[in-house]
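Data first, discussion second: the structure below is written as structure tokens.
The values are calculated or read from the model by the stated rules, or taken from the named source; none is laboratory data. Because the structure is predicted, anything quoted here is derived from the model rather than measured. Positions of Cβ are backbone-derived with ideal geometry, glycine not excepted, and every protein chain shown enters the neighbour counts.
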Amino acid sequence: MLLLCSLLLASCASGGTSTTSPPPTPSTGPTPVSFAGHWTLGPVDDIAVSPEAAFVLYSPAGSNGDQAHGLARVDRKSGTVLTAGPFPDAMNVAVSQGVVWIGNTNPDPGAPAAGSSTVVAADAGNLAVRQQLTLPAEGHSTRIAHVTANGDSLWVGYGTNIFRLAVRDGRTLSSAAVGGVATSVSIDPAGRRLYVGINGVAGTSASIIEMDAATLKPLATSTTGGADLGGPQLSAGAQDVWVAFATGMLGQVEHHQAADLASVPVVYVPHSNGVRIFVIAGMVWVTDLGAGGLECLDQQTGAIRAFWSSPRAGVIAGDGSELYYGDLNGAGSLEIDSRCQ
């Protein structure tokens, strides 16, 4: 988990290519407007959205953090909430074709708990567990199963490998080594390009790799920041990919072209080490755990278009009609502001 810190006024060295232009003044947005109220669950770790529901991975209030994660299904029409769990060591979630996949971690590689180093499949309607797949043992350090899904495929970045699985039954369709520890995976909306954030094995370098989503053949690579600080976290658009990472003092955002991962210059906006980036239906969103806010960015320059305050906002997901955000208290729905489109 990235180390949180207070926002500083000075920049710091990183592997990024952002310009040093002064940050724009954020436009003050309204308080997020909830379509069906706010769901008080506890700190939210991740959210995945299907046409029918939002699936929220959270730590129940008063629980022991990673050891007691819950999964909530929020019906998008009625707002009805169904919960299931616990899911020990759960870290992130993806959904496709009626199946919710949960990526777990192995917090104690020397004596991993039952259920760690796995991905778990649950029914998207009733959250009943369908199966649990154990990932290959690898190394002696903590590993997180990063999951993303599109259509009939699920991609899992675990340790130094990427796996493409069949969503319905978890069969391995292809796999590949990525030359470092996977810290994030993201699939483009068409399901053709897979992007992987990589922390060098020695922890001295970080990079992103673009792969053919079906064959996992590498297409392009680029250096980035975040080495030994959680590595790069990324999110893919139709023709580009956005990257966020910690530098140890501040967090930073980068923008890359899809075709060759060439860097696209963006304005410099200071963030905390808790910055994360999300591309949703062409919109670019940032959450900042340290600053406690949600931002939508210009899709080309990265300039802030609108800002909302939220207590330790950490994740946002959705589609072109509705957004769901997760923070310290739970999850809520957010109207799409025209400035963000």
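For the reader, a short list of remarks on this structure follows.
- Residue list for the range 201-216, filter: in contact (Cβ under 8 Å) with a residue 60 or more places away in the chain and assigned to a strand (DSSP E or B): A206
- Spans of strands (runs of 3 or more DSSP E) in the range 226-341 with at least 1 residues touching a Phe, Trp or Tyr at 6+ places or on another chain (Cβ under 6 Å): 233-236, 240-246, 251-257, 275-280, 283-288, 293-297, 315-318, 330-334
- Residues in the range 291-341 that are farther than 22 Å from P270 by Cβ, out of contact with any Pro (no Cβ under 9 Å at 6 or more places or on another chain) and touching a residue at least 60 places away in the same chain (Cβ under 8 Å): A317, G318, E322, Y324, A331.
- Test: A166 is surrounded by 23 or more Cβ atoms within 10 Å (Cβ to Cβ), over 22 Å from Q300 (Cα atoms) and not hydroxyl-bearing (S, T, Y): no
- Among the residues of the range 238-248, those identified as aliphatic (A, V, I, L, M) and surrounded by 23 or more Cβ atoms within 10 Å (Cβ to Cβ) are V241, V243, A244, A246.
- Here the condition is being at pLDDT 95 or above, surrounded by fewer than 24 Cβ atoms within 10 Å (Cβ to Cβ) and on the phi < 0 side of the Ramachandran plot; of V147, V99, it holds for V99 alone.
- Pair list, Cβ under 8 Å, 6 or more apart: the range 175-197 residue touching a residue at least 12 places away in the same chain (Cβ under 8 Å), other residue among the acidic types (D, E): R192/D212; R193/E210; R193/D212; L194/D188; L194/E210; L194/D212; Y195/D188; Y195/E210
- Residues in the range 223-249 that are within 12 Å of the chain's Cα centre (by Cα) and more than 17 Å from Y268 (Cβ to Cβ): P232, Q233, L234, S235, A236.
- Whichever residue in the range 307-321 is buried (at least 18 other Cβ atoms within 10 Å of the Cβ) and modelled with pLDDT of 90 or more and, among such residues, is nearest to P51 (Cα to Cα): G318
Per-residue answers, yes or no, for (1) surrounded by fewer than 19 Cβ atoms within 10 Å (Cβ to Cβ); (2) modelled with pLDDT under 95; (3) more than 16 Å from I198 (Cα to Cα):
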{"site": "T221", "(1), (2), (3)": "yes, no, no"}
{"site": "A227", "(1), (2), (3)": "no, yes, no"}
{"site": "A236", "(1), (2), (3)": "no, no, no"}
{"site": "L250", "(1), (2), (3)": "no, yes, yes"}
{"site": "V253", "(1), (2), (3)": "no, no, no"}
{"site": "H256", "(1), (2), (3)": "no, no, no"}
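- Restricting the range 154-174 to residues that are of a type in the set (G, A, S) and either touching a residue at least 60 places away in the same chain (Cβ under 8 Å) or in contact with a Lys or Arg (Cβ under 6 Å, 6 or more places away or on another chain) (or both), the residue that is farthest from A317 (Cα to Cα): S174
- Test: residue in the range 301-310 that is under 21 Å from N92 (Cα atoms) and over 15 Å from the mean Cα position of the chain (by Cα): yes
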